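Here the structure is laid out as structure tokens; the discussion comes afterwards.
The values are calculated or read from the model by the stated rules, or taken from the named source; none is laboratory data. Computed from a prediction, not measured in an experiment: that's the story for all the values here. Cβ placement follows ideal geometry from the backbone for every residue including glycine, while neighbour counts extend to all protein chains displayed.
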């Protein structure tokens, strides 16, 4: 399915949809910190923008100046750059972002939400694709991982942002600036990217979001026969410390020490230069490790489809879009056992590890049994059914339709009823 076909399919949800940018269309502001980070959250935002442009006058409230054509190439989307209004969220938050990058991430998002709230009366609806912000009560918010401004989570170490110390002056500042209340959050239309995240949100705010798995682009993956694939691993994700790339390299070391001649490709954009240098130094010492960094989408797909195994290192992953892509491309993906990513591999014990040592044991066991390898693979068709983009866009668009109808801002008939999300039915 081409990006153009995707946009057409979404528009067909409602034959009365207006042209993008039509002044008669309801106005929707999508709030997202930095699309150029090019992670899973940004994939959600780009697909949401594409879906909403089919019917609404869309503005992006952000901290940067995104290169929409480049992002379309990266995510295989078709957001109309000319029809999209991009507005920087004031001066302070963009300046902090330009100066410090992700260092004050939570504060930047607090300021972003505050700006959007102050300008809410300029739009018919506010939509956040960057977690729960202090928006008005009838907004639509997609939660990848809760900020928990109310600081009510019992399992705080895994829930709140790791750069924020409990009850620090910085935390108190962020909480005050954000202006988020439990009552407002409970009145919003909330989505969570996984069952695990939904439970975390419920723990934090006393309300459980609807589960809407992120949009996985399966259109370019091909099912290359197992015997034609290379005996190697691929990992995909931003190069930063939380992705635990160094630990994955050591896992590959351990697997090789068991007598398996495997290699390792590390693919993804750099967001932490210091950590990238550490990983590059490790790769330079190992001829079987290739640090590729950010590559074109076509090369990413080719690398996945020509290798047998995938590996993911981030613990307490909220969902794991990279894991779903590894599965869609026909690899056998090995993942940490915690967080939301276990749903992708259907809780298969052999694919989930508790520690690097456990990863080596389980990977070596699978590598020694070719029939088991074939049994553990998932098909592109299955990933499309459970996590595909059309499913996501239709459900997201319906939620916005409903929110606008409830506020009286939309005169259109509601879009066609969405079939229950098959990704939620672990059959």
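Quick one: which of 357, 325, 361 is under 22 Å from residue 298 (Cβ atoms) and assigned to a helix (DSSP H, G or I)? Break it down into steps so the answer makes sense when it comes.
Values: 357 fails: under 22 Å from residue 298 (Cβ atoms); 361 fails: under 22 Å from residue 298 (Cβ atoms).
Step by step, each of 357, 325, 361 is checked, and only 325 is under 22 Å from residue 298 (Cβ atoms) and assigned to a helix (DSSP H, G or I).
Has segment 342-349 got at least one residue that is within 15 Å of residue 311 (Cβ to Cβ), part of a helix (DSSP H, G or I) and touching a helix residue (DSSP H, G or I) at 6+ places or on another chain (Cβ under 6 Å)?
Checked segment 342-349: no residue is within 15 Å of residue 311 (Cβ to Cβ), part of a helix (DSSP H, G or I) and touching a helix residue (DSSP H, G or I) at 6+ places or on another chain (Cβ under 6 Å).
Would you confirm whether or not segment 296-304 contains a residue that is in contact with a strand residue (DSSP E or B) (Cβ under 6 Å, 6 or more places away or on another chain), in a strand (DSSP E or B), under 23 Å from residue 368 (Cα atoms) and modelled with pLDDT of 95 or more?
no
Taking the stated definitions as given, is residue 79 on the phi < 0 side of the Ramachandran plot and surrounded by 22 or more Cβ atoms within 10 Å (Cβ to Cβ)?
On the way: on the phi < 0 side of the Ramachandran plot: yes; surrounded by 22 or more Cβ atoms within 10 Å (Cβ to Cβ): yes.
So residue 79 fits the description; yes.
Let me spell it out: the conditions are (1) touching a strand residue (DSSP E or B) at 6+ places or on another chain (Cβ under 7 Å); (2) without any contact (Cβ under 8 Å) to a residue 40 or more places away in the chain, and residue 332 meets all of them except one. Which number is the exception?
The one condition residue 332 does not meet is (2).
From the set of residues in segment 77-104 that are part of a helix (DSSP H, G or I) and out of contact with any strand residue (DSSP E or B) (no Cβ under 9 Å at 6 or more places or on another chain), which is modelled with the lowest pLDDT? Spell out how you get there, then give the answer.
Within segment 77-104, the subset part of a helix (DSSP H, G or I) is 92-100.
So of that shortlist, the ones also out of contact with any strand residue (DSSP E or B) (no Cβ under 9 Å at 6 or more places or on another chain) come out as 92-93, 95-100.
Working: 92: 97, 93: 96, 95: 96, 96: 95, 97: 95, 98: 94, 99: 94, 100: 90.
The qualifying residue modelled with the lowest pLDDT is 100.
Is at least one residue of segment 126-139 in the same structural domain as residue 408 (by TED's automatic domain parsing), in a helix (DSSP H, G or I) and either at pLDDT 95 or above or crowded, with 24+ Cβ neighbours inside 10 Å (or both)?
Here is the first cut: in segment 126-139, the residues in the same structural domain as residue 408 (by TED's automatic domain parsing) are 126-139.
Next, from what is left, pick out any that are in a helix (DSSP H, G or I): none.
No; the residues of segment 126-139 include none that is in the same structural domain as residue 408 (by TED's automatic domain parsing), in a helix (DSSP H, G or I) and either at pLDDT 95 or above or crowded, with 24+ Cβ neighbours inside 10 Å (or both).
Could you grab the pairs with beta carbons closer than 8 Å, sequence gap of 6+ or different chains, first residue in segment 195-216 and at positive phi, second one assigned to a helix (DSSP H, G or I)?
So the pair list comes out as 206/182; 206/186.
Which residue, of 107, 60, is at pLDDT 95 or above and in contact with a helix residue (DSSP H, G or I) (Cβ under 8 Å, 6 or more places away or on another chain)? Working first, answer last.
On the way: 107 fails: at pLDDT 95 or above.
Only one candidate qualifies: 60.
Please state which one of 9, 42, 5 is modelled with pLDDT of 95 or more, under 30 Å from residue 325 (Cα atoms) and in a helix (DSSP H, G or I).
Values: 9 fails: modelled with pLDDT of 95 or more; 5 fails: modelled with pLDDT of 95 or more.
The unique qualifying residue is 42.
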